[in-house]
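Structure first, commentary second.
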Amino acid sequence: MEKTNLDEAFDSFDEQWSPRLAGAVNDHGLKLAKVEGEFDRHHHSVDELFMVRSGEVRLELDDEEDVVLEAGEFVTIPAGVEHRPVAAGEAEILLFEPTETRNTGNRETERTTEVADLD
């Protein structure tokens, strides 16, 4: 067993929109990311828990009202729901989803990346 300090984990990288795998439970991973600006619109084939640790993130949804998350808040985005995260300033987020889930879900874009382990 290894413990992880979230402050140290977030301090270990600077890249935006590039998730880091902080831990795993069975086939699901806890991914950390720093975000700012607009990301690509996409959906996933599985549910995704999206939590904001610091800052504020707006999730633009196609068929529902946007969801605004502030520090300490989370929402589960159901499988198949198109969404686009947007952060006016830098925000730190945690994602809980299967470890192999790509950051751009069903889309292949220049921002598509494999999840990296924490340094």
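The values are calculated or read from the model by the stated rules, or taken from the named source; none is laboratory data. The structure presented is a predicted model; accordingly, all values stated were derived computationally and were not measured. Positions of Cβ are generated from backbone atoms using ideal geometry, with glycine treated the same way; all protein chains shown enter the neighbour counts. Accessible surface is based on the protein model in full, side chains and every heavy atom, while ligands, DNA and RNA are left aside. Shrake-Rupley method; radii C 1.70, N 1.55, O 1.52, S 1.80 Å.
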Report, by residue number, each residue of segment 29-58 that is in contact with a Pro (Cβ under 8 Å, 6 or more places away or on another chain) and crowded, with 18+ Cβ neighbours inside 10 Å.
-> GLY29, LYS31, LEU32, ALA33, VAL35, PHE39, PHE50, VAL57
Pull up segment 65-111, narrow it to residues that are open to solvent by less than 30 Å² (accessible area, probe 1.4 Å) and without any contact (Cβ under 8 Å) to a residue 40 or more places away in the chain, then point me to the one that is nearest to GLY37 (Cα to Cα).
-> LEU69
If we keep only residues of segment 1-28 that are surrounded by fewer than 14 Cβ atoms within 10 Å (Cβ to Cβ) and small (Gly, Ala, Ser), then the residue farthest from ALA91 (Cα to Cα) is ALA24
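Conditions tested, residue by residue: (1) without any contact (Cβ under 8 Å) to a residue 40 or more places away in the chain; (2) among the aliphatic types (A, V, I, L, M).
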{"position": "ASN5", "(1), (2)": "yes, no"}
{"position": "GLU8", "(1), (2)": "yes, no"}
{"position": "PRO19", "(1), (2)": "no, no"}
{"position": "HIS28", "(1), (2)": "no, no"}
{"position": "LEU32", "(1), (2)": "no, yes"}
{"position": "GLU38", "(1), (2)": "no, no"}
{"position": "ARG41", "(1), (2)": "no, no"}
